[in-house]
Every structure is written in C-alpha cells, then in structure tokens.
Amino acid sequence: MISTLFRAKNVEQSIRDTEEPEHALKKTLSALDLTVFGIGVIIGTGIFVLTGKVAKENAGPAVSLSFVIAGVVCALAALCYAEFASTVPVAGSAYTFSYATLGELPAWIIGWDLVLEFALGTAVVAVGWSGYLRSLLDNAGWHLPGYLSGRDGAHGFGFDILAAALVLVLTAILVVGVKLSARVTQLVVAIKVTVVLIVIIAGAFFISGANYAPFVPKPQPVAAEGSLSGPLVQLMFGWTPSNYGVLGIFTAASVVFFAFIGFDIVATTAEETRNPQRDMPRGILGSLLVCTLLYVAVSIVVTGMEHYSKLSVDAPLADAFKAIGHPWYAGVISFGAAVGLTTVCMILLLGQTRIFFAMSRDGLLPRFFSHVHPRFKTPHRPTVLLGVVIAVIAGFTSLSELAALVNIGTLFAFVVVAIGVVILRRTRPDLPRSFRTPFVPVLPIVSVGASLWLMLNLPTVTWLRFAGWLLVGFVLYFLYGRTHSRLARREGAVTGDVPRPPAGSTP
C-alpha cells in the first residue's frame, strides 16, 4: 500500500507519453514567447497598487529593497524550475517534476494545489480587471446595472458579467491555439510595458530628494491581531512583525512577493516549446529579471514623487500624478492596468489547463480530458471545462479573502520543486541537463527556507483553508486516482491484480 503511494514515473516514460499523437501538444513557442508569457503574467495589479501600499504601511522608500528581496527569493526558485523544465520538458510544471522525484501521491497533492492556485488566481484577476473596466466605462458615462456588476455591494442577485465574459473569451483564444495566445500576449505586454515605462520616465522628472528622507523610517511595532487573522509565525512563536526599519523591509517583502507570482507558469508550457533545453531557462529567468527591474524602478519613482506617508493605498501611482497636477497620467495608468490584467488572466488559465491535462494523461483524472483537438492540437476539453467553471466563479463570488490561497499554493510548489532538484540529482545523475541549478544542494535548501518563511507570514486562516483543500484532494486520490493512474494499470497488467483497459482505449 505505502509503496504504491510513492511510485515514481521515470523521466523517459514522461517524455514518451508526450509523443502519443492523440495526447501530443503542438511545439510552437520560442524563448521570446516564454519571456513575454512570464512578463505578461507577473506584471499586474502588483506594480500599480502594491508598490504604494507597502511603501506607506510597511517600509517607506526602502520598499525598493523589499522588491529586491522578494525577487531574490523568486530567483532561487526560478533556478530550480529552470533545471527541471529543461531536463523534463513535459506539461505540468511542479506536478510533473514531483511525479519523477517524490512519487505519485506527492505529485497528486502538488497538482491539486496548482489547480486551486491557478483557478482562484484567474477568477481574482478577472474580477480585478472588471473593476478597472467599469471605472473606465463610468468615466465615459456608461454605467452597468448593479445586478451585473458583481457581488461586492450587491443587494440580492449580483453577477459580474464583465469578469465572466473575459474568462470565456480567453478560453476561446486558448482553444484555438497557444501560438495565437502568444501573439495576443505580445501585443498586450507591449502596451503594458509601455505604460510602465511612461510612468517611470515621466515620474522621474517629478522626483524630490526630500521625499526619500528617511529612506528607512524608524521601526514601529504592529498591534497583535486575532489568532486566525494574524500570521502563523505569530501564533507559533508569539513573534509580531514590525513596520518600517529593517524588519519592516522584510515584512514588506512578504507582501510584495505576491506581485511576482506567475513566473512558474512558464514551466507549464515546456512541452509546447520548440527547444525547451535552451529556451526554458531563458524564458523563466529572463521574465523574472525584467519584472524585478521594472518593480524596483517604479517603487523608486513613486516614493520620490510623493512622500510615502501621503501615498494612497487604492491607486498610489495614479494618485501620485494627480497630486502633482497631472491627472492625464492617471487615466493612462488605469488603462495600462486594465489591459495588463487581460494577459495575467489568460496565462493563469493556460497554466491551469496544462496541469489538468497532464494529470488526466497520467490517469489521475479522467482520461477523457487528455485528448487534444484534432486541428488545433490544444487540450480543448479541460480548457472549455475550466473556462466555464472559472467564469461562473468569477461572476458570482467575491474572492478577496481567498486570494491569499493563491500565494500559499505558489510557495508550496516552490518548496516541492527545490526538494525535487536535490532528489533527482541523487537518483538520476545520468540525465542530460542543459541547465544546472548552481550550488546544489545549498541553493535549493536556501530556497526552501526562504519560501517557508514567507508562508509562515501568511494568515493562519489561509493555512486552515489550504489544509481543507488538500484534504479534499486526498479523498479524491484514494477514491479515483490511486487505482486509475497509468502506473497502477501497468503494475496491474504485470501482476494480474488490475485488468487491462478495454480494447480501443489508451492505457
């Protein structure tokens, strides 16, 4: 029993499975496409909102250092992802990596975790996009009825028609083809990065050196929160974080980390990359580097334009330009945020469908979902299913309190991938590795420690919700996945314990 839970799928078998015609994804992506995907999903509301929020509440002008720290934590994980994605170029990202190193049950758990992460992430971003678009429509004099504007503030029936429509349109684009998705992403990312550069360049002319004093404000203790709403580290050790000072910089880093979430999605497209051994590391590390530089530049500019204590929390960049008498830029920023969130939503949905597809191809989910479209060579069945489900979730649900689940899921994946790199180095040193994570096992161990530290800074209630989701995953695995997986059927075919699948089906 125990041995079956940790049976591993070897790397060679994972790669052979990608060559089956009815389950093979089309290889169309280049290093540029991957880098654009990474930039497209990382740059979202974080750069437009979190920059000013954490400067005002946690770190002051030293928020730029917080972005550097968060970027370093992500870079540690990115180096591990780069080795895995180039060595095992198979759809599924951390799920596939776990199956090759830790075994079936851990792989199922991480896959189940990623399904939650990307589903909620897509829905949350779609709702955020809807809010920006409604604001722009209101400015133009067009107003949606209250019952079609979402659940927040609704009395009686409330459905966010714009959020649901966005998810359905992006679902159709993903069904048609990942290359079309890449072209749409390139256009939108170009607009988004242009807006960010306008903010940086225009804002640089309004920087006042006096706003940087003090660069690291004096520390201020934070009042203790309730046992469940406070961070887990507070409940475990009685440690209470402080705002400002050196500790405030690290507190802010745990917050702005959320703005980096998404680079790992690049790894889910490894199977659709023309030269994954070369292009995967370039796409993952390149997108992370570009976004870190943009985040640091924006944080330096916004805290130089207006004193950190006066920054607004809801729209700090736009309001900073209003404060200096340039409201036109506020409209440009709102437009850039609305456009930018489109690609964030699409790439999150792309990542989730690839995870779902990989789990289905392995038999842990019904194999019905692992057949690709005969013309477009995309996993159309899980794309349509998940697109419709997420559209309904985005339309009917206010997900602000559940957004933290996206972050804990991401950090959990970081931990698993870092551990997996060490295990695969020891168990399969013979595998050709076009990219090797440096300083193994020291760097992966540091990556695990940094990710766990950020996880401990998340609210206790988030941990409880995450545990509940994993518990549901355990139940589904033992009811279905354990006996229907391809590894279980292959073992059964050898021992005679499990009958072979009917004629005409794929084992």
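Bear in mind these aren't lab numbers, they're just calculated from the coordinates by the rules spelled out. Note that the coordinates shown come from a computational prediction; the quantities given were computed from them, not determined experimentally. Note: ideal-geometry Cβ built from the backbone for every residue, glycine included; neighbour counts use all protein chains shown.
Computed values, structure above
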read-out	value
Order of D160, D113 - criterion: other Cβ atoms within 10 Å of each residue's Cβ, fewest first	D113, D160
Relative exposure of V73, V302, V472, V63, judged by other C-beta atoms within 10 Å (fewest first)	V472, V73, V302, V63
Kirkwood hydrodynamic radius of the stretch 300-354, Cα pairs, Å	12.7
Positive-end residue of F321, G420, A123, charge dipole of the chain with Cβ unit charges	G420
Protection proxy ranking, peptides 290-299, 93-102, average beta carbon neighbours within 10 Å, highest first	93-102, 290-299
Selected from S66, H307, H484, residue furthest toward positive end of dipole (the stretch 2-495; charges at beta carbon)	H484
Protection proxy ranking, peptides 193-202, 50-59, average beta carbon neighbours within 10 Å, highest first	50-59, 193-202
Fewest-first sequence of F159, F412, F237 by Cβ atoms within 10 Å of each Cβ	F237, F159, F412
Ellipsoid equivalent to the chain - semi-axes via the Cα gyration tensor, in Å	38, 26, 22
Peptide ranges 104-111, 129-136, 435-442 listed from the most packed, as the mean C-beta count within 10 angstrom indicates	104-111, 129-136, 435-442
Two-decimal log10 I(q)/I(0) for the stretch 250-395, as the Debye equation yields it once each C-alpha is a single scatterer, q = 0.09, 0.11 Å⁻¹	-0.44, -0.62
Taking the chain and dividing mean pair separation by its residue count, relative contact order in percent (alpha carbons under 8 Å, at least six apart)	33
Theoretical ellipticity at 222 nm over the chain - DSSP helices of four or more residues, -39500 (n - 2.57) apiece, nearest 500	-20500 deg cm²/dmol
Number of Lys pairs (Cα under 24 Å; 8 or more positions apart or on different chains) in the stretch 2-495	18
